[in-house]
Amino acid sequence: MSNKQETLRWSGDAATGKLVLIDQTLLPTVLEYIECGDVEAVWEAIKVLRVRGAPAIGIAAAYGVCLALQQHVDGTSDHFRSRLKESAEYLASSRPTAVNLFWALDRMTECAARNEDRTPVDLLDALFVEAVRIHEEDRQMCHEIGRHGAELLDDGQGVLTHCNAGGLATAEYGTALSVFFTAQDLGKNLNVYVDETRPLLQGARLTAWELTQRGINTTLICDSMAAQVMREGRVQAVVTGADRIAANGDSANKIGTYGVAVLAKAHGIPFYIAAPSSTFDLTLASGDSIPIEERDAREITHSFGRQTAPDDVAVYNPAFDVTPAELIRAIITERGRIEPVDEEHVRAMIER
Ligand code: MRU
């Protein structure tokens, strides 16, 4: 996303401020900011996807911890710290797949552990500084990902993306979309094909909105059209984001990504993942152990205000799938590109 709108920002000081974020459920027709003044509001915003995308929910959760503690600075240090633990557990229950959420909450908890002698007032300040740091680091990482990814693309190429890995999903600029934005800044004109991304249409509502705002040639397609678009030779690369990457490089991302990767393989098109180091979970050997969120059936049967399936039909609604490492040509991180994608190369880049 351009710098015109901030996906999320803190308004005020650590002690009394609030989290302000774009309500992404209203896009692309309504651009509205909402204020989250307590941790419950942040949990709800993450749960219903007002704020979504792996890095953005991590940042929101870090600020959510600060909100949870604002009313508790006058009590004892023990009370403050137990409230911190409770709020981190509570925020962790909002969504299971994107590891950035847990990564950010761990950073907040570790920050408190490092500052064990501080009073509640001072500790809240330290936690707020940590949340701002998480936010700012994400911004930097996204810019670096763009730099490492744009080298892979040539002027005039067609590229395809799935879901939204843009500024709306991060502090700014995005991961997959950062690659396209940076390529554009380098004078490379791309034709970006955007999968609409059933059932919640993050591609149509959010990615198409971000790309067209920046004047990038954008063509929206239904998810089921990707094979035909590839067969017609319109696409020379696929770039998507990720929600959690296991030690062997298996990558969870929005449902449908795996299918796109299989199609890319069948058509000899390189498939890239763009993700910051905060999206890696080296505690998991492979993607088989990544928890896959299942969401409400009504997202499929009643999306966007109209019933589109019979009342009694059974529904299965996994929100993510796992693309096996062997289908991924390279993972573009802020530290450089991981290629080939296997445990040795993932660990060499991420553990250093
Ligand atoms: O359910 P969502 O909209 O949070 O899913 C988001 C995605 O799958 C993104 O591709 C991923 O989080 C990467 S965002 C840089």
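Results, tabulated for the structure shown:
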item	result
Meets criteria (within 16 Å of the ligand (Cβ to nearest atom), touching a residue at least 60 places away in the same chain (Cβ under 8 Å) and not charged (D, E, K, R)) for P270	no
Selected residue [open to solvent by less than 10 Å² (accessible area, probe 1.4 Å) and either within 16 Å of the ligand (Cβ to nearest atom) or more than 20 Å from A319 (Cβ to Cβ) (or both)] from H148, H143, H162	H162
Hits in the range 238-248 (condition: within 16 Å of the ligand (Cβ to nearest atom) and of a type outside the set (S, T, Y))	V238, V239, G241, A242, D243, R244, I245, A246
Boolean, T257 is within 28 Å of H135 (Cα to Cα), polar (S, T, N, Q), modelled with pLDDT of 95 or more and within 10 Å of the ligand (Cβ to nearest atom)	yes
Some residue of the range 4-11 being within 13 Å of the ligand (Cβ to nearest atom) and over 30 Å from D288 (Cα atoms)	yes
Among the candidates I350, I273, I338, I331, residue that is surrounded by 15 or more Cβ atoms within 10 Å (Cβ to Cβ) and within 26 Å of P199 (Cβ to Cβ)	I273
Meets criteria (buried (at least 20 other Cβ atoms within 10 Å of the Cβ), farther than 25 Å from T16 by Cβ and among the small types (G, A, S)) for A112	no
Answer from Y33, Y90 - the residue that is more than 15 Å from the ligand (Cβ to nearest atom), under 22 Å from D281 (Cα atoms) and at pLDDT 95 or above	Y90
Of the criteria (1) surrounded by fewer than 13 Cβ atoms within 10 Å (Cβ to Cβ); (2) under 16 Å from R95 (Cα atoms), which one A266 fails	(2)
Out of E32, E44, sole residue that is on the phi < 0 side of the Ramachandran plot, assigned by TED's automatic domain parsing to the domain that holds V20 and out of contact with any Leu (no Cβ under 6 Å at 6 or more places or on another chain)	E44
Qualifying residues in the range 209-234 (those that are surrounded by 22 or more Cβ atoms within 10 Å (Cβ to Cβ) and more than 14 Å from the ligand (Cβ to nearest atom)) - the one nearest to the chain's Cα centre (by Cα)	L211
Test result for A41, over 15 Å from L101 (Cα atoms) and assigned to a helix (DSSP H, G or I)	yes
Y316, sole failed condition from (1) touching a residue at least 40 places away in the same chain (Cβ under 8 Å); (2) of a type in the set (F, W, Y); (3) in a loop (DSSP other than H, G, I, E, B)	(1)
Some residue of the range 92-100 being among the small types (G, A, S), in a loop (DSSP other than H, G, I, E, B) and out of contact with any Leu (no Cβ under 9 Å at 6 or more places or on another chain)	yes
Subset of the range 172-204 [part of a strand (DSSP E or B) and touching a Phe, Trp or Tyr at 6+ places or on another chain (Cβ under 9 Å)]	V192
Given (1) closer than 16 Å to T240 by Cα; (2) open to solvent by 30 Å² or more (accessible area, probe 1.4 Å), number of the condition Y193 does not satisfy	(2)
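Listed here are the residues, each with its yes/no results for (1) touching a residue at least 40 places away in the same chain (Cβ under 8 Å); (2) open to solvent by 80 Å² or more (accessible area, probe 1.4 Å).
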residue	(1), (2)
G287	yes, no
R298	no, yes
R306	no, yes
A309	no, no
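The rows are residues; the columns are (1) within 30 Å of E89 (Cβ to Cβ); (2) in contact (Cβ under 8 Å) with a residue 12 or more places away in the chain; (3) within 16 Å of the ligand (Cβ to nearest atom).
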| position | (1), (2), (3) |
| --- | --- |
| L105 | yes, yes, no |
| A113 | yes, no, no |
| L124 | yes, yes, no |
| E136 | yes, yes, no |
| D155 | no, yes, no |
| G167 | yes, yes, yes |
| A171 | yes, yes, yes |
| S178 | no, yes, yes |
| T182 | no, yes, yes |
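The values are calculated or read from the model by the stated rules, or taken from the named source; none is laboratory data. Bear in mind that the values here come from a model prediction, so they are computed numbers and not experimental data. Quick reminder, even Gly has a Cβ in these numbers, built from the backbone with ideal geometry, and neighbours come from all protein chains shown. These area figures cover heavy atoms from the full protein model, side chains too; ligands, DNA and RNA do not enter into them. Shrake-Rupley method; radii C 1.70, N 1.55, O 1.52, S 1.80 Å.
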